[in-house]
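Reading through the structure tokens given below for one structure.
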Amino acid sequence: MPRKPSLASLSINAGAPLPENGRAFRHGPEFASTFHLSGDVDPNAYQYGRFGQPTWTSLEQGLAQLEGGDTIVFPSGMSAAAGILTSLLKPGDTILLPSDGYAPVRFYTEQYLVKFGVKLKTIPTQEIDNFDFSGIDLALLETPSNPMLDTFDIQGVAAKIHKSGGLLAIDNTTLTFLGQQPLALGADISMSADTKAVNGHSDVVFGHVACTSQALSDKIRQWRKFSGNIPGPMETWLVHRSLSTLDVRLQRMCDTAMLLAQALYEHPKVKSVRYPGLPNDPSYNIAKTQQQLFGFIISFELDSKRKADSFLKACSLVYEATSFGGVHSTAERRARWGTDNIAPGVVRFSVGCERADDLIYDVMQALKQL
Ligand SMILES: *Cc1c(COP(=O)(O)O)cnc(C)c1O
């Protein structure tokens, strides 16, 4: 029996042409604002660079295969989120966002959508499984949440929200489509800030949206065309190139994260650890059933702001930075932004592609200095 390859193996060449004798494995980015267009307008031809470009098409076809739905690329994760919200909500609609999720999505809604009559409700991720979704037109939720890594049951929530006529969108940035498949679990929309793990090299800002229904993706694609939120061909090509190594990077990052989370959990100077792969973590049961990976983000608490800052300074392989999902391990004292309701000693740690023994040694020697 021929066996269907996994999405992980398909991701190596997804959206790229099949190898042909004498031809390059990969096509380069195509730089064009205008395309030759003669006679009547051919709707299937490229016309103008804001409407469609071949470099987008290749990446969108690859991502569509991996997400399981029509995909639209964007110049950032925020433009992907803005595209979903602005194109699908109308005056009087109610949007549900997590109170502990990515804060700029709430700020965008408060500043630019509420004034046009959209109503905003927020909810802590821990309460989503027991929430009554009647009256919610669109929920844009994150599981695991970032930075505290709470989870909810996507399948259960999708069933509830569909019953009352609403739509479910999942911000899948923290796991990517190789770590969790929101569309297969019943969500209508999956979005990702590809700035993080999908590109993974800390050199491109990018995003995408995937939809189960063509009616939804048509609206979002049209918003991109008329708002002009378009990615350049070079960034698009870099993300597509990075896609080939996403699986191998994620495997290394998540394996190391598991080992590091265990070492932190056992450490006397660490007050508490959140990692969905630890069997006693509140997120473990859901993560085990709906995720393919436990992820590469760990949040842990030290005694104080001063201890957290000293820890970060004492690491040599871990760079202090916001953002996550890159090949370099990065960490930050999350409360420094003042946007999340988080204890002052909490460190959000994004495990990179260093060797596990080197990274764990580095973190343990930094803790020893506290
Ligand atoms: C980073 C991030 C975004 C926004 O992505 P940008 O590319 O920075 O615009 C959205 N959602 C989550 C969960 C993120 O981590």
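Observations on the model:
- Subset of region 33-62 [without any contact (Cβ under 8 Å) to a residue 40 or more places away in the chain and under 20 Å from Leu238 (Cα atoms)]: Ser33, Gly52, Pro54, Thr57
- Tallying residues that are open to solvent by 30 Å² or more (accessible area, probe 1.4 Å) and within 18 Å of Val204 (Cβ to Cβ) within region 33-80 yields 3.
- Members of region 81-93 found to be open to solvent by 20 Å² or more (accessible area, probe 1.4 Å) and more than 23 Å from Asp194 (Cα to Cα), listed by number: Leu89, Lys90, Pro91, Gly92
- Meets criteria (surrounded by fewer than 17 Cβ atoms within 10 Å (Cβ to Cβ), farther than 17 Å from Asn172 by Cβ and either at pLDDT 95 or above or of a type in the set (A, V, I, L, M) (or both)) for Leu264: no
- Region 286-326: number of residues that are in a loop (DSSP other than H, G, I, E, B), open to solvent by 40 Å² or more (accessible area, probe 1.4 Å) and in contact with an Asp or Glu (Cβ under 7 Å, 6 or more places away or on another chain): 3
- Test for Leu97: is it in contact with a helix residue (DSSP H, G or I) (Cβ under 7 Å, 6 or more places away or on another chain), within 16 Å of the ligand (Cβ to nearest atom), hydrophobic (A, V, I, L, M, F, W, C) and open to solvent by less than 10 Å² (accessible area, probe 1.4 Å): yes
- Between Leu168, Leu178, the distinction of being buried (at least 20 other Cβ atoms within 10 Å of the Cβ), touching an Asp or Glu at 6+ places or on another chain (Cβ under 8 Å) and not in a loop (DSSP other than H, G, I, E, B) belongs to Leu168 only.
- Checking every residue in region 206-214 against the condition of being assigned by TED's automatic domain parsing to the domain that holds Asn13, away from the ligand (no atom under 14 Å from the Cβ) and without any contact (Cβ under 8 Å) to a residue 12 or more places away in the chain gives zero matches.
The values are calculated or read from the model by the stated rules, or taken from the named source; none is laboratory data. All values reported here derive from a predicted model rather than from experimental measurement. Here the Cβ is made from the backbone with ideal geometry for all residues, glycine too, and neighbour counts use every protein chain on show. Ligands, DNA and RNA are excluded from the accessible area calculation, which covers all protein heavy atoms including side chains. Shrake-Rupley method; radii C 1.70, N 1.55, O 1.52, S 1.80 Å.
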